[in-house]
């Protein structure tokens, strides 16, 4: 399966959201990902399990299982995606960042559109957003092209659009959402996880 085939498939299903997503990003935005995961249940004090004899089950996967490793790799790529996006929007430009390494399809198109709009308006992004509580909510890791869905809490209150020359913040709507849920889709292409699309949910505070 070729890259351009993926891009056509994803864009056809998400194009109606692009304008809304871009407007929300320019009204607030976010980055700096964090990942939280539940701690495994404590062993019973009477009969502690032996690490050598304990085997992972389908219900409780070992931290070293292929599925858990794949999820961790996807989350790490998602975190890097937001970190590189923050760098790119601070210029604004792709040059000097690895954003294209992590963003493809609609995610890359939205980033390009935002960079273009920022340059046209002679503005940039200052500060840093916060993406926390990143959780894998679903996935199809057995497919030829594995995918996962992630959900995070996006806080854009510290990420400001500013005038590139003066550094003064751009006027923003007073009622714009600043902290809300964001969901994203990632796929593994040639061994590397890529972010295909994001969907912001300003009606879902977190």
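The values are calculated or read from the model by the stated rules, or taken from the named source; none is laboratory data. In this text, all values refer to a predicted model and were calculated from it rather than measured experimentally. Cβ atoms come from the backbone with ideal geometry, glycine included; neighbour counts cover every protein chain shown.
Which of the residues spanning the stretch 164-184 are free of Cβ contacts under 8 Å to residues at least 60 places away in the same chain and either in contact with a strand residue (DSSP E or B) (Cβ under 8 Å, 6 or more places away or on another chain) or surrounded by 14 or more Cβ atoms within 10 Å (Cβ to Cβ) (or both)?
Scanning the stretch 164-184 gives 164, 167, 168, 169, 170, 179, 180, 181, 183.
Being more than 16 Å from residue 163 (Cβ to Cβ), out of contact with any helix residue (DSSP H, G or I) (no Cβ under 9 Å at 6 or more places or on another chain) and assigned to a helix (DSSP H, G or I) is the filter here, so list the residues in the stretch 111-132 that pass it.
112, 116
Does the stretch 133-156 hold any residues that are loosely packed, with under 13 Cβ neighbours inside 10 Å, in contact with a strand residue (DSSP E or B) (Cβ under 7 Å, 6 or more places away or on another chain) and either assigned to a loop (DSSP other than H, G, I, E, B) or modelled with pLDDT under 90 (or both), and which are they?
The answer is 145, and nothing else.
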